[in-house]
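A short worksheet on the structure shown next.
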Amino acid sequence: MNNNFPTRRSKSGGLVIEIGTHLDNNNASVLLDQLMTAIDKNQLPIYLDMKHCELLSSSGVGAIISNVEAARAMGSDITLLQPRETVLVILNTLGLTKMLSIQQTRLEEMEGVS
């Protein structure tokens, strides 16, 4: 059974991973593996669509952070798209909002598609 997060390609060719309502110890390892595989296959840049995510645990944060440097080492990045206020509070409390690429704009708007 495939437990991966749903993915799609952005107009610019980047990989969009759609995060559900929770990113916690129950599914963070799935995201970790999915991100590592995408980076290994040079499926960059990576966008994490966070608009539905209401709960972000330390495991979820770890899955993201552990792959950001790998993506940046390849000249790319992992961008969090439209994170909810609850997620932003967690990231801000951890001092990560300045380290991470975060966009409140929809990807389609960033790419010039309405």
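The values are calculated or read from the model by the stated rules, or taken from the named source; none is laboratory data. Because the structure is predicted, anything quoted here is derived from the model rather than measured. FYI the Cβ positions are ideal-geometry reconstructions off the backbone, even for glycines, and counts take in every protein chain you see.
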**OP:** For Gly60, indicate whether it is under 15 Å from Leu91 (Cβ atoms), touching a residue at least 12 places away in the same chain (Cβ under 8 Å) and either out of contact with any Gly (no Cβ under 6 Å at 6 or more places or on another chain) or basic (Lys, Arg) (or both).
**Re:** yes
Original post:
Does any residue in segment 100-114 that is at negative phi come within less than 6 Å, Cβ to Cβ, of a residue that is loosely packed, with under 11 Cβ neighbours inside 10 Å and modelled with pLDDT under 85 six or more places away or on a different chain, and which pairs are these?
Top reply: none
**OP:** Mind counting the residues in segment 35-88 that are under 13 Å from the mean Cα position of the chain (by Cα), of a type in the set (A, V, I, L, M, F, W, C) and under 19 Å from Pro6 (Cα atoms)?
**Re:** 16
Subject >> Listing of helices (runs of 4 or more DSSP H) fully contained in segment 1-111 that carry 3 or more residues being of a type outside the set (A, V, I, L, M) and surrounded by fewer than 17 Cβ atoms within 10 Å (Cβ to Cβ) >> reply: 28-40, 58-73, 85-93
Subject >> Hey, Val68 of a type in the set (A, V, I, L, M, F, W, C), in contact with a Cys (Cβ under 7 Å, 6 or more places away or on another chain) and modelled with pLDDT of 95 or more or not >> reply: no
Subject >> Scope segment 2-56; condition aromatic (Phe, Trp, Tyr) and over 16 Å from Ala71 (Cβ atoms); matching residues >> reply: Phe5
